[in-house]
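To start, the structure under review is shown below, and the notes come after it.
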Amino acid sequence: MTTVIQANNLDLTYQTNDGPVHALKGVDLDINKGDFVSFIGPSGCGKTTFLRAIADLEQPTGGTLTVNGMTPEQARQSRAYGYVFQAAGLYPWRTIGDNIRLPLEIMGYPKSDMAQRVTEVLELVHLEGFEKKFPWQLSGGMQQRASIARALAFDADILLMDEPFGALDEIVRDHLNEQLLELWARTNKTIGFVTHSIPEAVYLSTKIVVMSPRPGRITDIIDSPLPKERPLDIRDTPEFLEIAHRVREGLREGHAYDD
Ligand code: ADP
Ligand code: MG
């Protein structure tokens, strides 16, 4: 098994006017190639900070962090990952196709290959035929799929997703969860996924990382025994409910009652 992301005793402390904020403390985690890893925990437990550290958007203050065996900076330069933010963040004045093309343009991707690549990623998220539309012509769920397509533009092995479906209603979210699993199975990517939803974390993941705040740390890591093939109604099985229960227990233990 290849280790794609490795954190050893990772610390990240922000210096603020109110003093230091320990966003991550003593985080140890191995993510293997092809894993679907969810990070779940209350606001402020360091989920976003951890994803941003992997993406070289924040600098750890202690411990080590490697991505594909490299520093996060080297991994960023070799375009090791795509990043999907909580809000779709599409430029309203650009068409869907032009939004997806943007990172390719910035990195000087060969023009001759661009059209082909845009077609491929739109197909992966089932948005064939929407290339010429503008973001406002798409529903919220479709916009989020477009932003996933943009993150897939470079065909990076790692996809980092920070609460990508948090703002969507439950039916749309169910549908996107199914599609994301299908995309993961088809592309064999390694996915790091932040969520607040226990069912979403259990449904999607091969590994669930439960976190707790002040300082941000990992309280439980659950390797899912569920099969890779997962119809939505797997959520009614005893195996599923058992994992969900363990996640809930982990969250409860990490909960501070002065919140
Ligand atoms: P989560 O994504 O789990 O809600 P974050 O990683 O965003 O948590 O934040 C972890 C902690 O670090 C919180 O207490 C938050 O207020 C603090 N924090 C996040 N970003 C910064 C920053 N740029 N400067 C100072 N404190 C920050
Ligand atoms: Mg966050």
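In the range 110-123, the residues that are over 13 Å from Ile96 (Cα atoms) and hydrophobic (A, V, I, L, M, F, W, C) form Cβ pairs under 6 Å with partners that are at pLDDT 90 or above and surrounded by 14 or more Cβ atoms within 10 Å (Cβ to Cβ), at six or more places apart or across chains, as follows: Met114/Arg101. Scanning the range 121-139 for residues that are surrounded by 14 or more Cβ atoms within 10 Å (Cβ to Cβ) and part of a helix (DSSP H, G or I) yields Val121, Leu122, Leu124, Pro135.
One residue alone among Leu232, Leu180 is under 13 Å from the mean Cα position of the chain (by Cα), more than 16 Å from ligand 1 (Cβ to nearest atom), touching a residue at least 12 places away in the same chain (Cβ under 8 Å) and under 30 Å from Val121 (Cβ atoms), and that residue is Leu180.
Against the criterion of being away from ligand 2 (no atom under 16 Å from the Cβ), outside the structural domain of Phe39 (by TED's automatic domain parsing) and not in a loop (DSSP other than H, G, I, E, B), Gly108 does not qualify.
Selection of the range 164-196 for residues being within 16 Å of ligand 2 (Cβ to nearest atom), buried (at least 20 other Cβ atoms within 10 Å of the Cβ) and in a loop (DSSP other than H, G, I, E, B) yields Pro164, Phe165.
Step by step: first the residues of the range 21-52, then only those that are β-branched (Val, Ile, Thr) and touching a Lys or Arg at 6+ places or on another chain (Cβ under 9 Å), then the one that is farthest from ligand 2 (Cβ to nearest atom). Which residue is that? So, considering only residues that are β-branched (Val, Ile, Thr) and touching a Lys or Arg at 6+ places or on another chain (Cβ under 9 Å), the one farthest from ligand 2 (Cβ to nearest atom) is Ile31.
Within the range 89-102, identify whether any single residue is away from ligand 1 (no atom under 15 Å from the Cβ) and of a type in the set (Lys, Arg), and answer yes or no. Yes: one or more hits. Going through (1) more than 16 Å from ligand 1 (Cβ to nearest atom); (2) under 30 Å from Val118 (Cβ atoms) one by one, Ser224 falls short only on (2). Every listed requirement among (1) crowded, with 16+ Cβ neighbours inside 10 Å; (2) outside the structural domain of Leu10 (by TED's automatic domain parsing); (3) acidic (Asp, Glu) is met by Asp56 save one, (2).
Is it the case that Val27 is within 18 Å of Thr219 (Cβ to Cβ), assigned by TED's automatic domain parsing to the domain that holds Ile208 and within 16 Å of the chain's Cα centre (by Cα)?
When the stated conditions are applied, Val27 does not pass them.
Assessment of the range 192-208 against the conditions (without any contact (Cβ under 8 Å) to a residue 60 or more places away in the chain, closer than 26 Å to Arg94 by Cβ and more than 16 Å from ligand 1 (Cβ to nearest atom)) yields no matching residue. For the condition over 16 Å from Val194 (Cα atoms) and loosely packed, with under 15 Cβ neighbours inside 10 Å, Leu226 does not qualify.
Looking at the range 1-80, the strands (runs of 3 or more DSSP E) lying wholly inside it that each contain 3 or more residues that are free of Cβ contacts under 8 Å to residues at least 40 places away in the same chain and within 16 Å of ligand 1 (Cβ to nearest atom) sit at 3-16, 19-32.
The values are calculated or read from the model by the stated rules, or taken from the named source; none is laboratory data. Note that the structure is a prediction, hence the values are computed from the model and not measured. Cβ: placed from backbone, ideal geometry, glycine included. Neighbour counts: every protein chain shown.
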